[in-house]
Amino acid sequence: MLSAYIRVYPRPMRLFTMKDFSVKIIPMTSRHIPACSDIVASSEPWKSLRERVDFLPSIKRKQAFVAVIEGAVAGFVVFTHEPVFARGGYLRAIGVAPAIRGFGIGKLLMDFAEKATAKQAPNFFLCVSSFNRSAQAFYRKCGYKKVGKVDGLIRKGASEYIYWKKLR
């Protein structure tokens, strides 16, 4: 039932609550790539930048995971849990299917990435585009603080904000 909803509806509709469904976070495999690529195509910043995500290298490094509901990909997270910057892991990408945004899938994926990272690193970092205000609000709600800015890194006239969270 929900898996068909995730695939068909482009925008959230409050017909159910997530309490009614079991969400599993599992390692991403190549069979998940088409669904994850669809999420990327409908999500910022990739939509504005007209970019894609190459998931294969992250799958090979065991750094990519999907949230699955009734066999359907509800979202994904790609991160490096070992310290790569200032004794912290790094969030490379996160996305949730448009039909179920706002139901807590993104928070579940962030919690998963943070727990895995906290085993090896005391901090977690991410970058978010200045034009991606909804993502900035999401990260602040998850407890992240803006600690830096790099102008023109990805797009002329835009900045990438560096966000940080102390995990332990």
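Numbers at a glance
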item	result
The stretch 18-95 versus the stretch 126-168: alpha-carbon centroid distance in Å	18 Å
Linear extension gain, residue 158 paired with residue 92, 0.36 nm per residue minus alpha-carbon span	21.9 nm
Stretchable slack from residue 111 to residue 42, in nm (0.36 nm times residue separation minus alpha-carbon distance)	22.5 nm
Principal axis dimensions, the stretch 71-168 - Cα atoms, whole angstrom, descending	40, 32, 19
Paramagnetic reach from residue 137 (point 7 Å along Cα→Cβ, amide N under 19 Å) across the stretch 77-101	94-101
Cross-link partners of residue 62 among lysines (Cα-Cα below 30 Å; sequence separation of 8 or more within a chain)	19, 24, 47, 107, 115, 119, 141, 145, 146, 149, 165, 166
Average projected area [Cα convex hull, the chain], square nanometres	9.5 nm²
Zone of residue 84's modelled label, taken as backbone nitrogen in the stretch 55-72 under 20 Å from a point 7 Å along Cα→Cβ	55-67
Stretchable slack from residue 118 to residue 60, in nm (0.36 nm times residue separation minus alpha-carbon distance)	18.7 nm
Ordering of 58-66, 149-157, 41-49, 24-32 by burial proxy (mean other Cβ atoms within 10 Å per residue, highest first)	58-66, 41-49, 24-32, 149-157
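None of the figures in this text is laboratory data; all of them are computed from the coordinates on show. Just so it is clear, the model here is predicted, and its values are computed rather than measured. Every residue, glycine among them, receives a Cβ derived from its backbone with ideal geometry; neighbour counts consider all protein chains shown.
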